[in-house]
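These notes are about the structure you will find just below.
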Amino acid sequence: MCLLAIQYQLVPESPILVAANREERYDRPCSVPSIQSGKPRILCGIDQQAGGTWLGVNQHGMLVAACNRHKLFTPPTPLSRGVLCRDLLRAGSARRAVDIAMEELHANKYDGVNLVIADSESGWVVHGGNEVDAVVLEEGLSIIANGDVNDPRDERVRMAHRLLTLQTLDSPVKFLALASKVFARAPSPPGRPSMVIRGAERGTVSSTLIS
């Protein structure tokens, strides 16, 4: 599970504004975000178990992030979705990264995943579930979790959208200030949608803000 909010092309000086919570097993090791070797330069955290990442940006101003997604028919030995995310960050543009992602996911080599891919020119959510499709990000706020982008059936998505639209977020400072509070909101009681998840073995292990 993961939750990501992206405000896209609404603020001219910051066309990509992101808040994201990562959910994972507490005992799965990872490193903090750092600049990786090679070209293009990539800033991301690294999952030390599989070697991939869940979210990063590259020197071309492109964002790639991954959220798990339910999928009925999974391959017997799936490849790492995090490694795919890291590979996509090597692309020179969001449009090229989407093409690579679609080709990879159509080959049914991965468990279910939602990929958010955006630069200043174009933004996309690639749904890699039972069906594979790419949805163009509209101008404004979109919320991505474990279903389709802005899934109206997902109570957590609806709550994130409601909390992030209580104010007019017409500057990077306003977005980051409100998003930092919303995505750090204390865990809700069992059975209620929650921004921060605290389970026995897994839950929210990190938060990221990007402008």
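Summed over the residues of the chain and divided among them, the accessible surface reaches 50 Å² per residue at a probe radius of 1.4 Å. Overall shape of the chain was characterised from the C-alpha gyration tensor. The equivalent ellipsoid obtained from it has semi-axes of 23, 21, 17 Å, in decreasing order. Sorting the Cα pairs of the stretch 58-138 by distance into bins of 10 Å, from 0 upward, gives 20, 56, 21, 2 percent per bin.
Considering only Gln49, His60, Thr74, and ranking their Cα positions along the charge dipole of the stretch 33-144 that arises from unit charges at the beta-carbon of Lys, Arg, Asp and Glu, the one farthest toward the positive end is Gln49.
Take the Cα atoms of the stretch 1-48, build their convex hull, and give its volume per residue in Å³. Walk me through the numbers before you get to the answer.
Working: hull volume 4.9 nm³, N = 48.
Once divided by residue count, the hull of the stretch 1-48 is 101 Å³.
Roughly how large, in nm² to one decimal, is the mean projection of the convex hull of the alpha-carbon atoms in the stretch 22-91? Result: 5.3 nm². For the Cα trace of the stretch 109-211, dividing Rg by the Kirkwood Rh returns an Rg/Rh value of 0.96.
At a 1.4 Å probe radius, carbon and sulfur cover how many percent of the accessible area of the stretch 131-202? Intermediate results must be reported in sequence, preceding the final value.
Values: 2230 of 4300 Å².
So the carbon and sulfur contribution to the accessible surface is 52 percent.
What is the list of residues in the stretch 173-201 whose amide nitrogen lies under 20 Å from a point 7 angstrom out from the Cα of Asp27, following Cα to Cβ? The answer is 198-201, whose backbone nitrogens lie closer than 20 Å to the label point.
Net charge dipole, the chain: roughly 620 debye, given to the nearest 20, about the Cα centre with Cβ charges of +1 for Lys and Arg and -1 for Asp and Glu. Across the stretch 26-129, C-alpha contacts under 8 Å between residues 6 or more apart give a mean separation that, scaled by the residue count, equals a relative contact order of 25 percent.
The local environment of Thr204, defined by Cβ-Cβ distances under 14 Å, has a net charge of +4 under the rule Lys, Arg +1 and Asp, Glu -1.
By the helix-only formula, in which each DSSP H run with n ≥ 4 contributes -39500 (n - 2.57) and the sum is divided by residues, the chain has a 222 nm mean residue ellipticity of -6000 deg cm²/dmol.
The values are calculated or read from the model by the stated rules, or taken from the named source; none is laboratory data. Quick caveat: nothing in here was measured; it's all calculated off a predicted structure. Cβ sites come from the backbone with ideal geometry, for glycine too, and all protein chains shown count toward neighbours. Side chains included, ligands, DNA and RNA excluded: accessible areas come from the protein's heavy atoms. Shrake-Rupley method; radii C 1.70, N 1.55, O 1.52, S 1.80 Å.
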